[in-house]
Each structure stands twice: as structure tokens, then as C-alpha cells.
1. 5 Å is the cut-off here: which amide hydrogens, built 1.01 Å from N in the peptide plane, fall below it relative to THR457, excluding neighbours closer than 5 in sequence?
2. Show me 286-295, 481-490 ranked by packing, highest mean number of other Cβ atoms within 10 Å first.
3. For VAL152, which sequence-distant residues (separation of 5 or more, or a different chain) have an amide H within less than 5 Å of its own amide H, given hydrogens modelled in the peptide plane?
4. Under the classification rounded if a/c is under 1.5, otherwise prolate if a/b is larger than b/c and oblate if not, where does segment 270-323 fall, given a ≥ b ≥ c as square roots of the Cα gyration tensor eigenvalues?
5. Quick one: order TYR172, TYR110 from most to least accessible surface, probe 1.4 Å.
6. Take the cross-link list LYS483/LYS542; LYS249/LYS282; LYS113/LYS282; LYS389/LYS483 and give me the ones stretching past 29 Å between alpha-carbons.
7. So if I take the centroid of the Cα atoms in segment 281-323 and the same for segment 193-257, what is the distance between those two points in Å?
8. Hey, what did segment 151-197 get for relative contact order, percent, Cα under 8 Å, at least 6 apart?
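The values are calculated or read from the model by the stated rules, or taken from the named source; none is laboratory data. Everything numeric here is computed off the predicted structure, so don't read it as measured data. Don't worry about glycine lacking a Cβ; one is built from the backbone with ideal geometry, like all the others, and counts go over all protein chains shown. Quick note on the areas: whole protein, heavy atoms, side chains included, nothing else; ligands and nucleic acids left out. Shrake-Rupley method; radii C 1.70, N 1.55, O 1.52, S 1.80 Å.
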Amino acid sequence: MVAVAVSERIPNLLVVEDSETQAIMIRRMLESHGFQVERAASAEAALDHLNAKLPDLVIADFHLPGMSGGELSRQLRLNSRTRSIPLLMLTEAAEVETEREGLESGADAYISKAADPDFLILRIRALLRERPAVLEEKGDEMPHFRRLRFLVLDDDPTGLADHSATLLREGYLVEAASDVDSALAALCNADLPVDCLLMGLPPRRFDSVEACRVLNARRVEERAQQAERSTAPFLLIGIERDGAVSKDKLARAFDAGLDEFIPTLNDHGLLRVRLRAIVRRKMMQDEMAQADADRRERAITVERARMTEALTQANAELGAANDKLIETQAKLVQAAKMASLGELVAGIAHEINNPLAFILAHQATVQRVLSQIGSQDVTTEKARGHIAKAQDRAVAMGAGLKRIRDLVFNLRQFSRLDEGGFQLVDIFEAIDTVLTLLRPKLGDRISVARHYDAPPTLWCSPALLNQVVMNIVSNAADAIEGKGLIDITVTVEGPDYVILIEDSGPGVPEEVQERVFEPFFTTKPIGSGTGLGLAIAYSVVKAHQGAITIGRSPFGGASFKIAVPLTEEMGQPSSPAVAMDEQAPSRQPIPGE
């Protein structure tokens, strides 16, 4: 809810007047001065109106049918929702006693209906001046303003009628019962809760002490059933008839559950004052019960919010732990796969390398002998043809054997990534060297742009350039059809030394991005690649505790980002877990593998 000064909007006034003529005159006068006016014909109707909407000020006639203006004022002041509303009391003439009663009941001002209308307007504006008003926003749940309900229990028809009439004149809701069973039935009606039970004492047809005990038992039961209720239990009040209640009987009644006792009173005015005091007590109890219920609700809301926050945080932590577990599992699977494949390819390379060396040696001998024979005089044309054909076959066989040798070299490199050493490498010079080696493949068809925005040196394994950068650039050159572009950027991003290689080729399809680092996986035609180049690159970057990722380049092709973590000392990666092979041959693998 939002507090707004009344002066910022048109004030709304509630006029409580039973006379139709007087109500019309007052309404016209007030509306002519810019007020919004609503009317209630009785105090009871005014209370019902307050349940739906709060006015900025109430103007009430003191002499109203049923509940008087004074009692209406008391009801307003007893309710926490309406006690701050200004109330202006009207009467027919200057009645001193009436004015005193009206002001004592809680009215803010008292004025005669015969007073100058301008004076009445001035009093109204003074009461409204700078008074904050509460705007009832949609969804606000306001405390319920209600009329108290009395249950009158009396087996004497005359007493039952008198007590009911007195309570009705005070503006209360009244229900009558002539025996205890009827009273219990009324108390069990949850739709019409009873605030006070007024019992005539002594009863003629039932025992008052037993009645108090039974009614109090019902109250205890009701309290247990509605532990979280926002109103206090009903009050049990005894009213004496003809001074006939003995002291002993009264003491036993109080012990059985009686809350209040009103002795025989010939003055009806004093009786009403007594009843008002009891009602005030009950309404204060209700207000305290409502405050307790509100506190419990706020505590529940706060606890629920705290538990929701804790649950959300726990779910987030579980989600993060699960993601980390999945990531760790993937790394373990990849590490296990790489380890097993390393052992496999090392064995294959070893088994191939021995016979390959034997064949290469004999191939060279055969080629040399054929060359010697070819340089000698051959007598027949047929012999010369056979020799030339054998020489061609020997050369072709040599090319194939060299390709097998290169494959074995790559297999050995892949299987021995943990045997190398780290050193201070000039990254810029190394990249330039790689590009020089790949110049025959790049030619004039592909242009290469370099952007160096990082320290030139990096503590790493030379394989980071020899195996990783060369394979990625070579693959990019193979993927580009016709003329194209390769862009190499070296920079530092936070704690990482980054080499970004982007091309204008067709890119890597998303469905195969997760497999490109698997050994022997290739998208090239059969015979054009071994599928080990990116697998080696992946293992080398991991050996540097780094990461290699694939994306889409701004040129439309693939983007490979190599990120290696740095330390504070001149870009040295911290404690490399895996080193490179110092004894590996110095020759570079065939570009594109």
C-alpha cells in the first residue's frame, strides 16, 4: 500500500445520516466544495461500508436509530484499521452533554447542523489537512472490520427480550437461546462466530455453574481446533437478575469459566457503559490475536523464503557438482582413451617400423642397382623397357614407403607426448617458421594475416607450435577451396596465453565438432589424411594444462582457440602435468595430417 497526501487528490467523505432530507443537503454542500461524498443511513450500514472502502473522513449524526453516533465513534477507535480516520460529529443544537459524550467517545470535532456552512467546510479542511491517506491497491488484504456478535442465553423470555433489545440498540449483532443446547448449537456454527455470550443469572430451568462448565469446555475445544485463529475466543458474561445470585454460586461460576459479571443495574445507561467496556476488552483481545497471527504469518513467510533460498542454493550447488562430475568423468574417459590408444599406436608403430626400415634399405639398394644397370649398354629394346619400368616402380615404391615412414613418425609422436621438455619459445618466430614450411601448400592461393598482441616468448614445448599450429593451419589450407584467408591472432586473455586461428573455409559441422579430436577421425577423402593431426594437437594442449575449442570464425569458416594458462613469471604455465619428447625427430609431419 502507498501513502499519499489527501491534498494531492479529491477527498472522499462518508456521511452517516438517517434523514434523507438532511443527507441530500449535506451532500450538495460538500460536493459544491469539491468533495466526493458517500452516504450511509445508519451506523450499522456505515460499518458495513468500512469493510469495503475507507473514507478520508466520517461525518456522523449523533442521534442515529439503533447504534448511536457515539457508539459508532467508539467502534472506529477500537479498530486498528479505522482509528486514525477523522470523525466529525453533528447534532441538531448545542447540547453540552451530547457534545461531551460525543467527544469522549472518540470524535475529533463536534458541530451543530445549524452552524454556518463555511465554518463546517473550514473544520473539514482542517481535519483533512496534511493527513496521509492509504490507497488500497489491488491484492491488498485489509484487516476485517466487523460488528461484534452477542449470543444471549436466558430461560426468562422477558430478560431475553430486554437484553437482546439493549444490545441491538448498541449496534451489535444478536442471537438468542433459551437453553444450553441451543447455545451450544449456535457456538458450533463456524459461519457465525460468537464474540460474547451473555447469560442471565440465575437461570430457572438449568444449573448456571454446570452451564458455565459446559460452555467453557466448548470454548477450550474451539481454541484447540483453531490454534492459528486471528480472533480471541468468546467471552462468557453473566448478568444478574434481581440481585438473586449468591456469593458462593458466583464464585463457583467464575471457577467453572465465567469471565465477567454484571450485577443488577436499574440504570440502563450504566449497563450500556459496562457492556461497552467489556466489548472494548474483547476487541483489544481480537486485535492482539490478529497481531499474533500476522507475526506468525510473517515468520512463516520469512522461514519459507529462507528455505526456498536454501533449497535453490542447494540445487545450484548440486547442479554445479553434477556438471563438475560430468566434466571430470569426460576428462577421465578421454585420458583413459588417450592412454590406451597411445599404447596401441606405440605398439603398431614399433611393429611397422622394423620391417619398414628393412624394406627401405633394400628399396634403396634395388633403386641404386637399377640405376647402374640403366647406365650400362643394354643390347635389346625389350630389356631396356623392363629396366625403365622397374625403375619407375622403385621410385613409386619409395614414395609409398616414405608415406608409411611419416605415418609411423606421427604414431610415435602421438604415443610419446609425455617424454618431451619445456623451454622458452619465441612464439612469433615459431609461427613464422611454421608458415614458411607450409608455403608450398599455401602458395598464392591463401593469404595469411598475423596479429601479435602478446609477449613474444612463452614457456612451453616446441610441439605446441610444431604439432598444434602446423596441423590446424595445414587443415585450414586443405579445407579452403580456391582463394581464401587464414587469420592468426596471438593475445593474452586474463590468465591465458591465446593463439586464435580462423579461416574462411566451410567450417566444422556442429555434429562432428565433438569427434574431431579423436584419433583416426577425419573428414578428408580416403588416403588424404591419417586423422591423427588434431588428436595430437588436443593432447599437446592438454599437456600444457590448456584448452582447445572450436567455433565459427567471422570469415565463415572454422575458429580454433588455443588457450594456455600463464604464471606470473614471463608467461610460464604452472607445473605442466605432461611433457614432450626431447628425442623425437626434428622433421615436421606432412602438412594436413
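1. ILE427
2. Values: 286-295: 14.9, 481-490: 16.6.
Ranking, from highest mean packing down: 481-490, 286-295.
3. GLU175, ALA176, ALA177, LEU198
4. Details: a/c = 13.97, a/b = 13.01, b/c = 1.07.
In terms of gyration-tensor shape, prolate.
5. Working: TYR172 0, TYR110 30 Å².
Solvent-accessible surface, decreasing: TYR110, TYR172.
6. Numbers: LYS483/LYS542 33 Å; LYS249/LYS282 25 Å; LYS113/LYS282 34 Å; LYS389/LYS483 39 Å.
Among LYS483/LYS542; LYS249/LYS282; LYS113/LYS282; LYS389/LYS483, the Cα-Cα distance tops 29 Å for LYS483/LYS542; LYS113/LYS282; LYS389/LYS483.
7. Taking the Cα centre of each part, segment 281-323 and segment 193-257 sit 38 Å apart.
8. Details: 47 pairs, mean separation 21.7, N = 47.
For segment 151-197, the relative contact order is 46 percent.
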